[in-house]
Amino acid sequence: MNIKVIAFDADDTLWVNEPYFQETERKFCELLEDYLPHHTVSQELFKTEIGNLGLYGYGVKGFMLSMIETALRVSENTLNVEVLEKSLQYGKELLEKPIELLDGVEEVLQALKGKYQLVVATKGDLLDQERKLMKSGLENYFHHIEIMSDKQQRDYQKLLKHLDIAPDEFLMLGNSLKSDVLPVLEIGGHAIHIPYHTTWAHEKIEHHVEHKNFRHVQTIRDVLPFLL
């Protein structure tokens, strides 16, 4: 591999994220248990989130708005205003969650710093992701931070152009096959999948990935033998 730049996804690759969303979703479903069973509210919320991605993008703020929209819909606009207040409160609590680095992250960054250009390539709300990165204490490891509205081929091509590198000089590390692996392979880059124990349904794919530029590891530490 002729790798010059290594990009790291942030949420559930560098630090914990999805479990906090799932915890918030459970509390939200409990708020609406007088209207629908928990699993049905969860399905309705997911449907709302997917429908709103084109408007709000990814992140906590879009999630908050989707909770409110879902609550109004399933209650047919009859719910108590306290449910809306609680939904907003849960969203704000989500924004204020502490940053919990995943095991091995700082060790890997220390080992790779100076040998490659390290960047963060993550999607989500700009302000929220900037805040999380600052709270993480990891900023100094990275040459560049790219907070993307989405992770499609065109988004990665834009990043490569900004970094002034060829696709085969770029390696993406992340927990999502859909966002961190497939688009990068499709433009000629390299990708390593580092699974996380829980993944948002929208990020899951059903088929097996086979590609000469693709590797699958169990933990972030397992990337080091390929790169050092």
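The values are calculated or read from the model by the stated rules, or taken from the named source; none is laboratory data. Predicted model, so just to flag it, every value in this text is computed and none were measured. As a convention, Cβ positions derive from the backbone with ideal geometry for all residues, glycine included, and neighbour counts pool all protein chains shown.
If you go through segment 179-227 one residue at a time, how many are in contact with a Lys or Arg (Cβ under 8 Å, 6 or more places away or on another chain), surrounded by fewer than 13 Cβ atoms within 10 Å (Cβ to Cβ) and either assigned by TED's automatic domain parsing to the domain that holds Glu23 or modelled with pLDDT of 95 or more (or both)?
Adding up the residues that qualify gives 0.
Being in a strand (DSSP E or B) and either modelled with pLDDT of 95 or more or closer than 17 Å to Thr24 by Cα (or both) narrows it down to one residue among Leu109, Leu88, Leu118; which is it?
Leu118
Here are Ile50, Ile99, Ile68: which of them is under 24 Å from Glu139 (Cβ atoms) and not charged (D, E, K, R)?
Being under 24 Å from Glu139 (Cβ atoms) and not charged (D, E, K, R) holds for just one of Ile50, Ile99, Ile68, which is Ile99.
Mind telling me which of the residues Lys123, Lys151 ends up being free of Cβ contacts under 8 Å to residues at least 40 places away in the same chain, crowded, with 20+ Cβ neighbours inside 10 Å and not aromatic (Phe, Trp, Tyr)?
Exactly one of Lys123, Lys151 is free of Cβ contacts under 8 Å to residues at least 40 places away in the same chain, crowded, with 20+ Cβ neighbours inside 10 Å and not aromatic (Phe, Trp, Tyr), namely Lys151.
Before we move on, is Met172 closer than 22 Å to Lys113 by Cα, assigned by TED's automatic domain parsing to the domain that holds Val119 and in a helix (DSSP H, G or I)?
Details: closer than 22 Å to Lys113 by Cα: yes; assigned by TED's automatic domain parsing to the domain that holds Val119: yes; in a helix (DSSP H, G or I): no.
No; evaluated as a whole, the condition is false for this residue.
Looking only at segment 121-136, which residues are basic (Lys, Arg) and in a helix (DSSP H, G or I)?
Arg131, Lys132, Lys135
Within segment 140-153, which residues are touching a Leu at 6+ places or on another chain (Cβ under 6 Å) and assigned to a helix (DSSP H, G or I)?
Tyr141
Those residues that are surrounded by 19 or more Cβ atoms within 10 Å (Cβ to Cβ) and over 15 Å from Thr199 (Cβ atoms), I need them from segment 16-41; list them, please.
If the condition is that a residue be surrounded by 19 or more Cβ atoms within 10 Å (Cβ to Cβ) and over 15 Å from Thr199 (Cβ atoms), then Thr24, Phe28, Cys29, Leu31, Leu32, Val41 are the ones that fit.
Given the criterion crowded, with 16+ Cβ neighbours inside 10 Å and under 19 Å from Met148 (Cα atoms), identify the matching residue among Gly91, Gly57.
Step by step, each of Gly91, Gly57 is checked, and only Gly57 is crowded, with 16+ Cβ neighbours inside 10 Å and under 19 Å from Met148 (Cα atoms).
Does Tyr156 satisfy the criteria of being surrounded by 15 or more Cβ atoms within 10 Å (Cβ to Cβ), outside the structural domain of Ile50 (by TED's automatic domain parsing), assigned to a loop (DSSP other than H, G, I, E, B) and in contact (Cβ under 8 Å) with a residue 12 or more places away in the chain? Spell out the reasoning first.
On the way: surrounded by 15 or more Cβ atoms within 10 Å (Cβ to Cβ): yes; outside the structural domain of Ile50 (by TED's automatic domain parsing): yes; assigned to a loop (DSSP other than H, G, I, E, B): no; in contact (Cβ under 8 Å) with a residue 12 or more places away in the chain: yes.
It is false that Tyr156 is surrounded by 15 or more Cβ atoms within 10 Å (Cβ to Cβ), outside the structural domain of Ile50 (by TED's automatic domain parsing), assigned to a loop (DSSP other than H, G, I, E, B) and in contact (Cβ under 8 Å) with a residue 12 or more places away in the chain.
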